[in-house]
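**Q** Please see the structure below; I have some questions.
Bear in mind these aren't lab numbers, they're just calculated from the coordinates by the rules spelled out. This is a predicted model, so every value here is computed, not measured. Glycine also receives a Cβ, built like all others from the backbone with ideal geometry; neighbour counts cover every protein chain displayed.
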Amino acid sequence: MTYFSDISPLPHDPQADDLAFRHYDPERMVMGKRMEDQLRFAVAYWHSFVWDGSDPFGAGTFQRPWFPADTMDLARQRADAAFEMFRILGAPFFCFHDHDVRPEGGSLAENHKRLNEIADIFERKMDETGTRLLWGTANLFTHPRFMSGAATNPDPDVFAWSASSVRACLEVTHRLKGENYVLWGGREGYETLLNTDMGQELDHMGRFLSMVVEHKHKIGYEGQILIEPKPQEPTKHQYDYDVATVYGFLKRYGLEDEVRVNIEQGHAILAGHSFEHEIALAQALGIFGSIDMNRNDYQSGWDTDQFPNNVPEVALAYYEILKGGGLGRGGTNFDAKLRRQSIDARDLVAAHAGAMDVCARGLEAAAKMLEDDALEGPRRERYAGWEGEEGAALLAPGATLDGVADRAEERGVNPAPRSGRQEILENVVNRYV
Ligand code: XLS
Ligand code: NI
Ligand code: NI
């Protein structure tokens, strides 16, 4: 008896009115690649198989046979259920934290032993099913020992504990051929400046990340190391605020060629940005790595991690991704959870299927806009002056303020304002989404 036994693998069926993919078709070619290879979907273990539907006001609402998964036996049942759902969805990838897959063991040695035991099971199941690991990560925020941070904890023993946990998890990720290793800041931030030495904490975080990078090279791991920015929650101020902040941090510690970013829709919204802004900035800075696809509520001040269902928004995100050359080793991880009243196994499958359809529609719209040169044509035209002789001279090596200013005066430049044509371009986008 299995948890999802009444649900069969989902077909691609545009006419279906029940569980099926109406738009997502793994085999359809989009810009020279199979749709599955463009989107690289991953299921997030934590939201789908660990979270029990509890919130600050109410107990868990989901009854899963593997809860509370505080024994290895239940953890194994959970792994069975997870791989069953990956198969139903045809999900090519999954992602996990160490803490999601094994019960807390009370010591580093016991934690690592348990993690490796579950990794053995994963390895076998991955071989059998072809499901791959998009990324692994260590949970350095749930246990009370991390309440004041991990690498930024004022207690050096917590830094040391965290180093051991990351080493174990990075090595398991390597063994499972994970394409990326993620570090989301967890509780790396502060609650009050009254007790915080921000400069020291940032230096510790920089040193910690350098060690992770050194170790990656030492063991020959070829995946990307990714930082996931988020501005607040759980701490009042998270150090990895947004893409721009992370870039400054990487520059300061000399890691900008070693570490990239995993950008989450909800975190972008919390930071006061759009998802596409964060993606476009990461592309411009050369640190784009992967995405956590979800949807934040625009009225709330926290991370609601809903499944995406806004095609126009998703289309603009994939537009920036495709424009930058695609996801590469990254992927589309559904860092999304059900609403706590959605208690059925069917809800979980339907949420993913719907999200995959939304992403498929967004991707197709994005690809079409690129192929038609619908936005890039007008954009090129807007910057065309820089291609001309006078434009190029402004940026030529050796150009000085004196030289540029003199030339401007000689030529008697007197630029006329030109329309940015925003509404016209919005109308263009509207034809595709
Ligand atoms: C939390 C983060 C987390 C990371 C992985 O807000 O999104 O789920 O993706 O640690
Ligand atoms: Ni995330
Ligand atoms: Ni999040």
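**Q** Taking θ = phi - 60°, what integer Hz values does the Karplus form 6.51 cos²θ - 1.76 cosθ + 1.60 yield along the range 154-163, in sequence order, with x for Gly and Pro?
**A** x, 8, x, 5, 6, 4, 5, 4, 5, 4
**Q** Then there is this: Which value in nm describes the separation of the simple spin-label points at GLU27 and ALA405, placed 7 Å from the Cα toward the beta carbon?
**A** It works out to 6.7 nm between the two label points.
**Q** Would you list, by chain and number, the aspartates and glutamates whose Cα falls below 14 Å from the Cα of LYS337, excluding same-chain residues fewer than 8 positions away?
**A** ASP52, ASP55, GLU264, ASP292, ASP297, ASP303, ASP305, ASP347
**Q** Okay, next question. Based on the Cβ-Cβ distance from ASP373 to ALA284, what FRET efficiency comes out when R0 is 25 Å, to the nearest 0.05?
**A** Details: r = 20 Å, r/R0 = 0.81.
Efficiency for this residue pair is about 0.80.
**Q** Take the alpha carbon gyration tensor of the chain, find the square roots of its eigenvalues, order them as a ≥ b ≥ c, and report rounded if a/c is under 1.5; if not, report prolate when a/b exceeds b/c, else oblate.
**A** On the way: a/c = 2.04, a/b = 1.33, b/c = 1.53.
The shape class here is oblate.
**Q** Still on this structure: Only Lys, Arg, Asp and Glu count, each charged at its Cβ (+1, +1, -1, -1), so figure out the dipole size of the chain about its Cα centre, rounded to 20 debye.
**A** It comes to approximately 500 debye.
**Q** A further question on this structure: What's the center-to-center distance, using Cα atoms, between the range 130-154 and the range 328-348 in Å?
**A** For the range 130-154 versus the range 328-348, the Cα centre distance is 20 Å.
**Q** Right, another one. Could you give the length gained by full extension between HIS217 and ASN427, i.e. 0.36 nm per residue of separation minus their alpha carbon distance, to one decimal place?
**A** Working: separation 210, 0.36 × 210 = 75.60 nm, distance 4.82 nm.
In short, 70.8 nm is gained.
**Q** Quickly work out the ASP18-to-LEU394 label distance, labels modelled 7 Å from Cα along the C-beta direction, and quote it in nm with one decimal.
**A** About 6.3 nm, to one decimal.
**Q** Right, something else. Got the relative contact order for the chain handy, in percent, Cα pairs under 8 Å and 6 or more residues apart? Don't skip to the answer; put the middle values down first.
**A** Values: 695 pairs, mean separation 66.8, N = 433.
Once divided by the residue count of the chain, the mean separation gives 15 percent.
**Q** Still on this model: Residues with amide H under 5 Å of VAL30's amide H, sequence separation 5 or more or different chain, H placed in the peptide plane at 1.01 Å from N; which?
**A** MET35
**Q** Residues in the range 52-95 near a label at ARG346, defined as backbone nitrogen under 18 Å from the 7 Å Cα→Cβ point?
**A** Residues passing the 18 Å test: 62-64, 85, 88-89.
**Q** Could you pull out the chymotrypsin sites (Phe, Trp or Tyr not before Pro) across the range 270-342 that fall in loop regions by DSSP (anything but H, G, I, E, B) with no more than 12 other Cβ atoms inside 10 Å? All intermediate terms of the calculation are to be shown ahead of the outcome.
**A** Values: sites: PHE275, PHE288, TYR298, TRP302, TYR318, TYR319, PHE334; in loops: TYR298, TRP302.
Here the chymotrypsin sites (Phe, Trp or Tyr not before Pro) that fit, given the DSSP loop and packing criteria, are TYR298, TRP302.
**Q** If you don't mind, another one. Out of all DSSP beta bridges in the range 179-270, what portion is antiparallel? Express it as a percent rounded to 5.
**A** On the way: 2 of 10 bridges.
Taking every DSSP beta bridge within the range 179-270, about 20 percent pair in antiparallel fashion.
**Q** Sticking with this one: May I ask what percent, to the nearest 5, of DSSP beta bridges between residues of the range 1-133 are antiparallel?
**A** Numbers: 3 of 9 bridges.
Here the share of antiparallel DSSP bridges comes out near 35 percent.
**Q** Taking only DSSP H segments of four or more residues, each worth -39500 (n - 2.57), what value at 222 nm results for the chain once the sum is divided by all its residues, to the nearest 500 deg cm²/dmol?
**A** -14000 deg cm²/dmol
**Q** Would you mind telling me the antiparallel percentage of the DSSP bridges in the chain, rounded to 5? Show your work: numbers first, answer last.
**A** Details: 6 of 35 bridges.
Within the chain, antiparallel bridges account for around 15 percent of the total.
**Q** A further question follows. Quick one: Cα centre-to-centre distance for the range 1-41 and the range 210-242, in angstrom?
**A** 32 Å
**Q** Sticking with this one: May I ask you to compute the full-extension gain from GLN232 to GLU110, defined as 0.36 nm times their residue separation minus their alpha-carbon distance, rounded to one decimal in nm? List each step's numbers first, then the result.
**A** Working: separation 122, 0.36 × 122 = 43.92 nm, distance 3.20 nm.
Extra length from GLN232 to GLU110 when fully extended: 40.7 nm.
**Q** Quick one: grab the alpha carbon gyration tensor of the range 1-81, order the square roots of its eigenvalues as a ≥ b ≥ c, and give me rounded if a/c is under 1.5, else prolate or oblate depending on whether a/b is larger than b/c. Mind dumping the intermediate values first?
**A** Working: a/c = 2.18, a/b = 2.07, b/c = 1.05.
It comes out prolate by the Cα gyration axes.
**Q** For a test of the definition: using alpha carbon positions, the gyration tensor, and the 1.5 limit on a/c, classify the range 355-433 as rounded, prolate or oblate.
**A** Numbers: a/c = 4.25, a/b = 2.64, b/c = 1.61.
In terms of gyration-tensor shape, prolate.
**Q** With respect to the cross-link table entries LYS125/LYS218; LYS33/LYS113; LYS125/LYS368; LYS177/LYS230, which display a Cα-Cα separation exceeding 32 Å? Kindly include the intermediate steps, with their values, before the conclusion.
**A** On the way: LYS125/LYS218 28 Å; LYS33/LYS113 40 Å; LYS125/LYS368 37 Å; LYS177/LYS230 27 Å.
From LYS125/LYS218; LYS33/LYS113; LYS125/LYS368; LYS177/LYS230, over 32 Å: LYS33/LYS113; LYS125/LYS368.
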